[in-house]
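Novice: Handing you this structure, nothing more for now.
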Amino acid sequence: MTIRTRVTDLLGIEHPVLQGGMAWTATAELAAAVSNAGGLGVIGAGHMPTDLLREQIRNAKTLTDRPFGVNLMLLTPHIDELVDMVLAEGVHAVTTGAGNPGKYMPAFKERGIKVLPIAPSVALAKRLESIGADAIIGEGMEAGGHIGELTTMVLTPQLVDAVSVPVIAAGGIADGRGVAAAFALGAEGVQLGTRFMCAEECTIHPDVKARVIKARDRDTVVTGYSTGHPVRVIKNKLSRMLEELDRDNRPEDLEALGAGRLALAMREGDLDMGSVMAGQAAAMVCRVEPAAEIVRSLVEEAEAALRALPSVCENQARR
Ligand code: TUI
């Protein structure tokens, strides 16, 4: 069995599995490995300088012939320049986070680039569909990094009911059971970030991978509510300092303390004072393995979980 949906057709990929476009984490190497495995690899632009992102796109093109995407973080100050460059280079798909990509939608569409915005709410998803989004990535607050308010469990079915374009579920998915659950909720694809942090091809500091693997169920926390941009991270010294600034309602000090901390974690491996962005699903990530193995096992486990459901229901009915 292979899982074919409107998402696999839309993106020209084999499996409906997208890799989250994590800033300072999802480089060309990881994106290409995921795409070569039949999913959609996504380079995370974050605050990356334009020249560096161009180099990443060109590098990915040497590493894979398959479709891949770029995630644009819309809060980045030089976002207009990044968009112009992406339009000039050409990629198969763009995912967007942390805002409304409406301003750029016509240019992407004109260039044949599929646009998959991340939406944390129904209202935004409807607006994005009306201006041409090709699919909606519904990200629940189980996810790592910048998050909305709703969980994947309640957001996904509401998005499926509200829009006609395919919905891709994200947040809290780390294994095939999560993939099967997302499909049961009506999603036609999934996006995983945290699990792919522990791909062999992911170039983050090995200590961060080890920390994700060690994480237990309650090891993440959301900080930055007072700034309007709440962020889920693995608990550490920095998160406790940020929580205190949140409690004292000091958003400016919080922003200042948080600046540059993601790179400190992902590049330098500073687990105390870096921002170790990861989702609640970190607790379900058990090993470092090739991206291809992650994609393969997700699909295989999801198929097994979906096949098992009828007999599970039968057994439950008998009890
Ligand atoms: O974007 C993410 N995750 C991220 S971005 C990031 S870097 C960062 N830098 C500075 C401040 C905050 C974060 C780390 N992780 N995920 C996708 C996502 N998008 N989550 C939530 C949203 C979102 C929020 C509001 C999308 C749209 C939105 O719209 C508001 C509006 O304009 O209507």
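The values are calculated or read from the model by the stated rules, or taken from the named source; none is laboratory data. Predicted model only: the values in this text are computed from it and were never measured. When we count neighbours, we look across all protein chains shown, and the Cβ atoms used for this are built from the backbone with ideal geometry, even at glycine.
Novice: Under 9 Å by Cβ, and 6 or more places apart or on different chains, what pairs join a residue from region 127-147 that is at positive phi and outside the structural domain of THR220 (by TED's automatic domain parsing) with one that is assigned to a loop (DSSP other than H, G, I, E, B) and more than 9 Å from the ligand (Cβ to nearest atom)?
Specialist: Here the result reads GLY145/ALA278; GLY145/GLY279, each pair linking region 127-147 to a residue that is assigned to a loop (DSSP other than H, G, I, E, B) and more than 9 Å from the ligand (Cβ to nearest atom).
Novice: Let me ask you something else. Mind listing whichever residues of region 173-187 are assigned to a loop (DSSP other than H, G, I, E, B) and surrounded by 23 or more Cβ atoms within 10 Å (Cβ to Cβ)? Explain how you work it out, then say what you get.
Specialist: Let us first name the residues in region 173-187 that are assigned to a loop (DSSP other than H, G, I, E, B), namely 173-175, 185-187.
ILE173, ALA174, ALA187 - these are the residues of region 173-187 that are assigned to a loop (DSSP other than H, G, I, E, B) and surrounded by 23 or more Cβ atoms within 10 Å (Cβ to Cβ).
Novice: Look through GLY102, GLY20, GLY90, GLY39 and report the one residue that is under 21 Å from VAL231 (Cβ atoms) and modelled with pLDDT of 95 or more.
Specialist: Details: GLY102 fails: under 21 Å from VAL231 (Cβ atoms); GLY90 fails: under 21 Å from VAL231 (Cβ atoms); GLY39 fails: under 21 Å from VAL231 (Cβ atoms).
On inspection, the qualifying residue turns out to be GLY20.
Novice: Pairs needed: first member in region 72-87, surrounded by fewer than 16 Cβ atoms within 10 Å (Cβ to Cβ); second member anywhere, hydrophobic (A, V, I, L, M, F, W, C); C-beta distance under 8 Å; at least 6 residues apart or different chains.
Specialist: LEU75/ALA98
Novice: Now for a different question. Inside region 275-299, can you point out the residues that are away from the ligand (no atom under 16 Å from the Cβ) and in a helix (DSSP H, G or I)?
Specialist: Just the residues of region 275-299 that are away from the ligand (no atom under 16 Å from the Cβ), to begin with: 283-299.
Scanning region 275-299 gives ALA283, MET284, ALA291, ALA292, GLU293, ILE294, VAL295, ARG296, SER297, LEU298, VAL299.
Novice: While we're on this one: Quickly run through region 219-248 and pick out the residues that are of a type in the set (Lys, Arg) and surrounded by 15 or more Cβ atoms within 10 Å (Cβ to Cβ).
Specialist: Restricting attention to region 219-248, the residues satisfying the condition of being of a type in the set (Lys, Arg) are 232, 235, 237, 240, 247.
Within region 219-248, ARG232, LYS235 meet the criteria.
Novice: Any residue that is of a type in the set (Ser, Thr, Tyr) and either outside the structural domain of ALA170 (by TED's automatic domain parsing) or not in a helix (DSSP H, G or I) (or both) - is there at least one of those in region 237-257?
Specialist: If we filter region 237-257 for residues that are of a type in the set (Ser, Thr, Tyr), which is where we start, we get 239.
If we keep only those that are either outside the structural domain of ALA170 (by TED's automatic domain parsing) or not in a helix (DSSP H, G or I) (or both) too, we end up with 239.
Yes, region 237-257 contains a residue that is of a type in the set (Ser, Thr, Tyr) and either outside the structural domain of ALA170 (by TED's automatic domain parsing) or not in a helix (DSSP H, G or I) (or both).
Novice: Considering region 106-116 alone, what residues qualify as being within 20 Å of ILE57 (Cβ to Cβ) and in a helix (DSSP H, G or I)? Spell out the reasoning first.
Specialist: So in region 106-116, the residues within 20 Å of ILE57 (Cβ to Cβ) come out as 107-116.
Matches in region 106-116: ALA107, PHE108, LYS109, GLU110.
Novice: If you don't mind, there's one more thing I want to ask. Which one of the conditions (1) crowded, with 21+ Cβ neighbours inside 10 Å; (2) over 21 Å from LYS109 (Cα atoms) does ALA93 fail to meet, given that it meets all the rest?
Specialist: Going through the list (1) crowded, with 21+ Cβ neighbours inside 10 Å; (2) over 21 Å from LYS109 (Cα atoms), ALA93 breaks only (2).
Novice: Enumerate the pairs (first residue in region 101-121 and free of Cβ contacts under 8 Å to residues at least 60 places away in the same chain; second residue anywhere and surrounded by 20 or more Cβ atoms within 10 Å (Cβ to Cβ) and of a type in the set (Phe, Trp, Tyr)) with beta-carbon separation below 7 Å, excluding pairs fewer than 6 apart on the same chain, so at least 6 apart or on different chains.
Specialist: VAL115/PHE108
Novice: Starting from residues that are of a type in the set (Val, Ile, Thr) and farther than 18 Å from ALA291 by Cβ, keep the ones in region 4-26 and report whichever is surrounded by the most Cβ atoms within 10 Å (Cβ to Cβ). Write out each step before concluding.
Specialist: Keep residues of region 4-26 that are of a type in the set (Val, Ile, Thr), which gives 5, 7-8, 13, 17, 25.
Still in the list and also farther than 18 Å from ALA291 by Cβ: 5, 7.
On the way: THR5: 16, VAL7: 26.
Applying the filter and picking the extreme gives VAL7.
Novice: Ok, one more. Residues being closer than 24 Å to ALA256 by Cα and crowded, with 23+ Cβ neighbours inside 10 Å: count how many of those fall in region 197-218.
Specialist: Residues meeting the conditions: 1.
Novice: Please tell me if PHE196 is in a helix (DSSP H, G or I), closer than 27 Å to ARG267 by Cβ and in the same structural domain as LEU116 (by TED's automatic domain parsing).
Specialist: Details: in a helix (DSSP H, G or I): yes; closer than 27 Å to ARG267 by Cβ: yes; in the same structural domain as LEU116 (by TED's automatic domain parsing): yes.
Yes: the conditions hold for PHE196.
Novice: Tell me, yes or no, whether region 204-212 has at least one residue that is hydrophobic (A, V, I, L, M, F, W, C) and either closer than 24 Å to VAL115 by Cα or not in a helix (DSSP H, G or I) (or both).
Specialist: yes
Novice: Which of (1) within 17 Å of the chain's Cα centre (by Cα); (2) within 16 Å of the ligand (Cβ to nearest atom); (3) not charged (D, E, K, R) does PHE68 not meet, given it meets every other one?
Specialist: Single failed check for PHE68: (2).
Novice: Let me ask something else. How about region 117-146: which of its residues are part of a helix (DSSP H, G or I) and near the ligand (Cβ under 10 Å from one of its atoms)? Give the derivation first.
Specialist: Initial filter on region 117-146 (part of a helix (DSSP H, G or I)): 122-130.
Hits for region 117-146 are ALA123, LEU124, ALA125, ARG127, LEU128.
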